[in-house]
1. Within the stretch 55-74, work out how many residues are modelled with pLDDT under 95 and loosely packed, with under 13 Cβ neighbours inside 10 Å.
2. Which ones in the stretch 55-74 are more than 13 Å from the chain's Cα centre (by Cα) and charged (D, E, K, R)?
3. Look through Glu86, Glu32, Glu39, Glu52 and report the one residue that is assigned to a helix (DSSP H, G or I), more than 14 Å from the chain's Cα centre (by Cα) and modelled with pLDDT of 95 or more.
4. For the stretch 61-85, which positions are closer than 18 Å to Leu30 by Cβ and not hydrophobic (A, V, I, L, M, F, W, C)?
5. Sort out which residues of the stretch 43-59 are closer than 13 Å to Leu76 by Cβ and of a type in the set (Ser, Thr, Tyr), and write them in order of number.
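The values are calculated or read from the model by the stated rules, or taken from the named source; none is laboratory data. It should be emphasised that the depicted structure is a prediction, and the values quoted were computed from it without experimental measurement. With ideal geometry, Cβ positions are generated from the backbone for all residues, glycine too; neighbour counts draw on all protein chains shown.
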Amino acid sequence: MSAGAGGAFGGSRGLRPVPPEKGIFPLDHLHECDLEKKEYLNCLKTSGHKSEKCRQFSKKYLQCRMEKNLMAKQDLSELGFRKQSEMEASGDKNNETIDK
């Protein structure tokens with residue numbers, strides 16, 4: 001058996017791991033966004049895991065992560081949230097829908 005046939009744990013040598021499409025998503029070790037995360041998770045539990053009912057909490061959580069540099073800053077419309085001006089124009093201030 002040749003030692004050069006594979007990596008230390010049986011993987012192929014020379015293959016590089018592919019990074020995630022959106023880059024890194026660091027863990028919140030300092031618990032900077034715990035409140036927002038807990039609000040979102042509680043909403044999911046009480047709504048029977050219907051994420052569309054918890055979008056405002058999801059948005060708050062993502063905004064917190066961006067503000068604390070725990071994820072890359074990105075326009076929320078690129079993450080499926082409508083812009084405030086679009087919501088007001090449609091008269092939809094409480095419910096956000098995913099743009100398809």
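1. Qualifying residue count for the region: 4.
2. Residues satisfying the conditions are Glu67, Lys68.
3. Glu39
4. Tyr61, Gln63, Arg65, Glu67, Lys68, Asn69 - these are the residues of the stretch 61-85 that are closer than 18 Å to Leu30 by Cβ and not hydrophobic (A, V, I, L, M, F, W, C).
5. We begin by selecting, within the stretch 43-59, every residue closer than 13 Å to Leu76 by Cβ; these are 55-56, 58-59.
Within the stretch 43-59, Ser58 is the sole residue that qualifies.
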